[in-house]
Each structure stands twice: as structure tokens, then as C-alpha cells.
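Input: a single structure, listed below in C-alpha cells.
The values are calculated or read from the model by the stated rules, or taken from the named source; none is laboratory data. As the structure is a computational prediction, the values presented were derived from the model and not from experiment. Cβ sites come from the backbone with ideal geometry, for glycine too, and all protein chains shown count toward neighbours.
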Amino acid sequence: FQAYLGQDVRQLQSPQAWLSLPEAQLRAVTAGAVFHDDLGLEARRRELHYYPHQIWLHLMACQWLRIAQEEAFVGRCWEVNDPLGAHLITARLCQNLMHLSFMQERRYRPYPKWWGSAFQELKAASALSPHLVSALQAQSFQEQEAALGAAYEVVATAHNQLKLTPALPSRPTQYHSRPYQVIHGEVFALALKAEISDPELKAFKRNIGSINQFVDSTDVLSHALFCSEFKQIIS
């Protein structure tokens, strides 16, 4: 485990240590069956099954912020007659919504080529997938906004069902004075951050989240020792 994950899993005592572990590697060491275990492997796997509760809240807050930062850009792209830009932003939002669904169901996301297959195993997939596909295939702003709005409603409803925060509006509303319908991801982020009591997490000055929310370079995420250096900048 230490060679594969880049650090001693027996000493995951800080948020920084947990947040520097790539999800694909965590999924790899915790998935699958163990048929013989005389090394205490299963006990270690249980410890790594998913992030501790407080870190889970932090990750979802950071993920909602990623959505908040770009959810209005789709409409702006269409306003300046940039459908390609709108589709690029939509693809990013779809990816962020999928990652949020993995988090909400407390499942590590896999290596990129397995995202779609692993996503279909989630409870949210049957409701969310059609809207994501429609958003990616949309040929107009109205189609794209409607599909994204339906997708936002699915993940917002899932958030409320977790009962981690007071219930929040699950339907998109207008983005300030602009004619765009958004879910206002920052509202969900602030509500989740309000539930965090861990002093180290509360002291974080940046809303970076985990290494998977910070970088997407294969050369970084597949290099365990490099990932461990993320602890130095994460807070």
C-alpha cells in the first residue's frame, strides 16, 4: 500500500494526508474480493473504504464551488454566439456533476476511461445520465440550459436526501440579473462548510479540495510520491 499510495496508510491522521491520495488508487486498493488474508489486508481496506466524515463534507463543498464557478458560463457563451465554448463548459459541468455523484454516494471515482462504466453503477445514474447526455448533445441554449437544469435538480435532491445540511432549493433559479437558470452551487458549499467542525479543515484558506479536484494530469495522479507533495500546498 505504501509504495502504491505514496504514504503509510497507518498514519493517515491529517486531512492533508487523506486529500493527497488519488481516488483511482484508493478505489483500486479497496475494490474487489480478498480470498486469503494473513497480513491484515482487509482491516486496512476497511480503514480506506472512504474519506472520514469531515473530509467528505469538505470535498463536497469544494465540488459544489467548482460548479458554482462555471454554471453561468454556458449562457454567456451562447450570448456571444460561441456554441463550441458552451459545449466545452457543459462538458466540464457534466464531469463535475458526475464527480459530485460519486462523492454523494461515498464512492471513489475511477481512472478516467472507466468513469462512464463506474458511474452507471451509482444509484443516481438512471436519473442523471439522460440529462447529461441531452446537455452534451443540445443544439441550442434553451435545450442545453433545460438539460443542465434537470441535472442540477437531481444532484440537489440527492444532497437534501443526505440530510447533512438544512434542506436547500433543488430547482435552478435566475443568476443575479442575467437571464440564466443556475443551481447556485455556492449555497450548497456554504451549507456544507457550516457543518465542518474539524479545526484543521476550518483553518484551510483555499477551497482546493483533494488532489483530484486540483489537477487532472495523468503524470501527476499516477505518481504516488509526487501526489504526496500536495500536502504542502493544500491548505
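Within segment 47-59, is even one residue part of a helix (DSSP H, G or I) and farther than 25 Å from V187 by Cβ? Yes, some residue in segment 47-59 is part of a helix (DSSP H, G or I) and farther than 25 Å from V187 by Cβ. Note on segment 52-90: residues that are over 15 Å from the mean Cα position of the chain (by Cα), free of Cβ contacts under 8 Å to residues at least 60 places away in the same chain and under 17 Å from L132 (Cα atoms) amount to 9. Exactly one residue out of A156, A146 is under 18 Å from L84 (Cα atoms) and either assigned by TED's automatic domain parsing to the domain that holds H99 or assigned to a helix (DSSP H, G or I) (or both): that is A146.
Checking segment 211-222 against the condition returns no match, with no residue being surrounded by fewer than 21 Cβ atoms within 10 Å (Cβ to Cβ) and at positive phi.
Among the residues of segment 120-135, those identified as surrounded by 16 or more Cβ atoms within 10 Å (Cβ to Cβ) and not polar (S, T, N, Q) are L122, A124, A125, A127, L128, H131, L132, A135.
Tell me, please, whether a residue that is in the same structural domain as C94 (by TED's automatic domain parsing), in a loop (DSSP other than H, G, I, E, B), out of contact with any Pro (no Cβ under 6 Å at 6 or more places or on another chain) and more than 19 Å from A86 (Cα to Cα) can be found in segment 178-187. Within segment 178-187, none of the residues are in the same structural domain as C94 (by TED's automatic domain parsing), in a loop (DSSP other than H, G, I, E, B), out of contact with any Pro (no Cβ under 6 Å at 6 or more places or on another chain) and more than 19 Å from A86 (Cα to Cα).
Restricting segment 67-119 to residues that are assigned to a loop (DSSP other than H, G, I, E, B) and of a type in the set (D, E), the residue that is surrounded by the most Cβ atoms within 10 Å (Cβ to Cβ) is E71.
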